[in-house]
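**Q** The structure's right below; bear with me while I get my questions together.
The values are calculated or read from the model by the stated rules, or taken from the named source; none is laboratory data. Please read these numbers as outputs of a predicted model, since none were measured by experiment.
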Amino acid sequence: MQKDKMQEASLSGVLKVILIILLIYYGIKILTRLFGPLLLKYITKKAGQKFQQQFQNFQNQDTSQKSPEGEVTIEKKSKSKSSNKDVGEYIDYEEID
């Protein structure tokens, strides 16, 4: 009979795998402690720049829409009635005590 070609886990192989997993875990933990604050500072800086740019765009739009002093403008809003007459019939009722 042919011997099965299945490999058995040896104690040294299992220990190597556990050691590798622990080294990767602690390596990532140390790297996040070192570079975490730098990454956080970079993200907050970019978010601040984006908010500042949006605020400036908002101010530019606001100042461009102002009319000269003394000029009166009337803006009418469109009235859109969206009543649906096929809703149903209203039935009036009274409560009986």
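**Q** Out of (1) at pLDDT 80 or above; (2) β-branched (Val, Ile, Thr); (3) part of a loop (DSSP other than H, G, I, E, B), the odd one out for ILE24 is which?
**A** (3)
**Q** Next question. Determine, yes or no, whether LEU15 is in a helix (DSSP H, G or I), over 32 Å from the mean Cα position of the chain (by Cα) and either modelled with pLDDT of 80 or more or not aliphatic (A, V, I, L, M) (or both). Steps first, answer last, please.
**A** Values: in a helix (DSSP H, G or I): yes; over 32 Å from the mean Cα position of the chain (by Cα): yes; either modelled with pLDDT of 80 or more or not aliphatic (A, V, I, L, M) (or both): yes.
Taking the combined requirement at face value, the residue satisfies it.
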